[in-house]
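Chemist: Would you mind keeping the following structure in view while I ask a few things?
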Amino acid sequence: MIIHHATLITMDPANRILENGAIRIQGDTIADVGTTQEILKKYFDPDRMDAKGKILMPGLINAHTHLYSTFARGMALKDTPPKDFVHILERLWWRLDKALDEEAVRLSAFFPLLQAIRCGTTTLIDHHSSPRAIEGSLDVIAHVYEQMGLRGILCYEVSDRDGHAARNKGIEENRRFLEQCEKMHPPLLCALFGLHASFTLSDETLHTCAEIGRSFNAGFHVHCAEAASDLEYAREYFGKTVVERFHNAEILGPKTITAHCVHITDKDMDLLRDTKTNVVHNPRSNMNNAVGCAPVPEMARRGIRVCLGTDGMSANMMDELKMGVLIHKHVAADPRVGWNEMFALLFQNNARLASELFEAKIGVIEKGAMADVILLDYYPPTPLVPENLFGHILFGLADAPVDTTIVAGRILMQNKEIPGINEQELSARAREIARKVWQRF
């Protein structure tokens with residue numbers, strides 16, 4: 001397939017922009033990149049897509065989300081409004097995840113993935129929990145990813161909060177799915193070992209999980225110092241910070257994702273840097289939960305790879321980008337802060353993380369990269385050059401409709417239509433299941 005007459009934003013190291021660009025896709029890979037004239041002259045593929053001047057750029061990557069949060073939409077809580085982060089967990093998320101059955105898990109995954117396709121998000125790193133439907137839950141979610149054609153990295157959230165039986169099933173689900181991915185090598189899926197957070201993991205559980213994960217040479221996906229209470233608990237019960245505890249358990253490293261890292265110390269930042277551990281910033285979630293703002297500019301200055309996620313708020317990475325820029329300017333009371341950092345998070349660090357986990361080039365348009373690309377309805381009203389690209393993204397592209405979404409060379413959406421998905425039928429079934437979930441909540 002050839003996509004031609006596009007304004008091509010490569011996101012490669014040279015940050016090239018081709019005004020009349022084209023790419024050739026062969027299988028799941030970008031086989032060539034050049035001007036429309038060059039590509040059409042070299043190749044005679046009958047399958048061609050005229051972009052008609054639309055923006056062609058790499059698909060977006062969500063480095064931390066929770067697909068199972070779908071049925072929280074519009075749901076009323078049973079108690080007074082939560083006054084802190086622990087209350088939010090106890091009164092909302094830890095009740096919702098226990099109310100999920102297998103069908104609720106399946107339907108929960110469909111709708112954020114549909115939104116992802118519409119928003120141009122082509123890779124999502126999910127962190128799942130369903131304590132009363134653990135066994136096989138990652139297969140259920142994986143099947144939805146495969147149906148939708150998106151790229152995903154999955155894990156199950158191990159915790160001690162629901163007792164030993166649920167903990168053991170969570171450990172086994174991670175082990176089973178890691179082994180399955182190792183044997184089958186699904187092209188669009190891979191696995192991490194999921195952990196909830198320091199304050200819900202005993203030393204025994206943490207070290208058991210660490211040993212199993214390391215036996216697969218796997219990374220871990222864990223919430224880290226999201227609220228001040230997590231740090232306080234670690235110091236009171238373990239005599240160390242959350243990051244120090246994870247470091248001692250040997251779960252930090254270049255394949256590991258530590259989500260949030262809002263309440264961390266200078267020493268913590270040094271440990272994250274020295275172990276090359278990935279941090280994922282989730283600005284909208286942190287603001288919504290009133291837990292604080294992660295020290296992203298300082299982490300970036302120290303050389304920590306900070307990525308960007310949504311923590312289940314949505315699949316729209318452009319919305320997350322905008323909020324990230326604004327919150328860091330606001331917190332620092334400095335309009336210079338947040339600009340370059342947030343651009344690096346979404347378009348450089350997320351791409352590097354996904355590329356390393358999949359062992360393939362992702363998040364860039366260049367020869368040999370995965371053909372995960374999107375077309376957007378954006379026609380720049382001012383010159384578009386590498387030097388002002390982020391300004392165009394933040395104040396123009398971020399609000400532009402996505403016209404076409406392609407993952408591994410497969411068209412998932414074209415002309416804003418997603419073939420093969422009856423959303424009205426799915427939504428009707430989801431409303432039936434939501435009522436049952438809410439009754440169990």
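The values are calculated or read from the model by the stated rules, or taken from the named source; none is laboratory data. Because the structure is a prediction, the values reported are computed rather than measured. In this analysis, Cβ positions are derived from the backbone assuming ideal geometry, glycine residues included, and neighbour counts consider all displayed protein chains.
Chemist: Name the one entry in 140, 144 that is touching a helix residue (DSSP H, G or I) at 6+ places or on another chain (Cβ under 8 Å), assigned to a helix (DSSP H, G or I) and farther than 30 Å from residue 415 by Cβ.
Modeler: 140
Chemist: Looking only at residues that are hydrophobic (A, V, I, L, M, F, W, C) and farther than 21 Å from residue 347 by Cβ in the stretch 26-56, which one is modelled with the lowest pLDDT? So that I can check it myself, show each step before the final result.
Modeler: Filtering the stretch 26-56 for residues hydrophobic (A, V, I, L, M, F, W, C) gives 30-31, 33, 39-40, 44, 49, 51, 55-56.
Retained after the next criterion (residues that are farther than 21 Å from residue 347 by Cβ): 31, 39-40, 44, 49.
Working: 31: 98, 39: 98, 40: 97, 44: 92, 49: 98.
It comes out as 44.
Chemist: In the stretch 215-231, which residues are surrounded by fewer than 18 Cβ atoms within 10 Å (Cβ to Cβ) and either touching a strand residue (DSSP E or B) at 6+ places or on another chain (Cβ under 9 Å) or not in a helix (DSSP H, G or I) (or both)?
Modeler: Result: 216, 217.
Chemist: Grab the strands (runs of 3 or more DSSP E) fully contained in the stretch 1-101, keeping just those with 3 or more residues being under 23 Å from the mean Cα position of the chain (by Cα). I'd like the intermediate steps shown before the answer.
Modeler: Working: elements: 2-9, 17-26, 29-35, 48-50, 55-58, 60-65.
Per the criteria, 55-58, 60-65.
Chemist: Go through (1) under 19 Å from the mean Cα position of the chain (by Cα); (2) under 22 Å from residue 20 (Cβ atoms); (3) part of a loop (DSSP other than H, G, I, E, B) for residue 367 and report which single condition fails.
Modeler: (1)
Chemist: Which pairs turn up if I take residues in the stretch 5-26 that are at negative phi and free of Cβ contacts under 8 Å to residues at least 12 places away in the same chain and look for partners that are crowded, with 19+ Cβ neighbours inside 10 Å and outside any strand (DSSP E or B) with beta carbon separation below 9 Å, at least 6 apart in sequence or on another chain?
Modeler: 13/364
Chemist: So which residues in the stretch 392-425 are part of a helix (DSSP H, G or I) and in contact with a helix residue (DSSP H, G or I) (Cβ under 6 Å, 6 or more places away or on another chain), if there are any at all?
Modeler: 398
Chemist: A further question follows. With the structure loaded, tell me whether residue 65 is among the β-branched types (Val, Ile, Thr), surrounded by 15 or more Cβ atoms within 10 Å (Cβ to Cβ) and under 18 Å from residue 365 (Cα atoms) or whether it fails that test.
Modeler: no
Chemist: Based on this model, can you work out whether residue 196 counts as within 21 Å of the chain's Cα centre (by Cα), surrounded by 18 or more Cβ atoms within 10 Å (Cβ to Cβ) and not aliphatic (A, V, I, L, M)?
Modeler: Judged against the criteria, residue 196 is a match.
Chemist: Further, regarding this structure: Look through the stretch 162-193, keep the residues that are buried (at least 20 other Cβ atoms within 10 Å of the Cβ) and of a type in the set (Gly, Ala, Ser), and return whichever of them is farthest from residue 152 (Cα to Cα).
Modeler: 170
Chemist: Right, here's the next one. Pick out the one residue from 189, 206, 178, 201 that is in contact with a helix residue (DSSP H, G or I) (Cβ under 6 Å, 6 or more places away or on another chain), free of Cβ contacts under 8 Å to residues at least 60 places away in the same chain and not polar (S, T, N, Q).
Modeler: 189
Chemist: Applying the selection to the stretch 325-362, what residues are on the phi > 0 side of the Ramachandran plot and among the hydrophobic types (A, V, I, L, M, F, W, C)?
Modeler: Correct list: 333 only.
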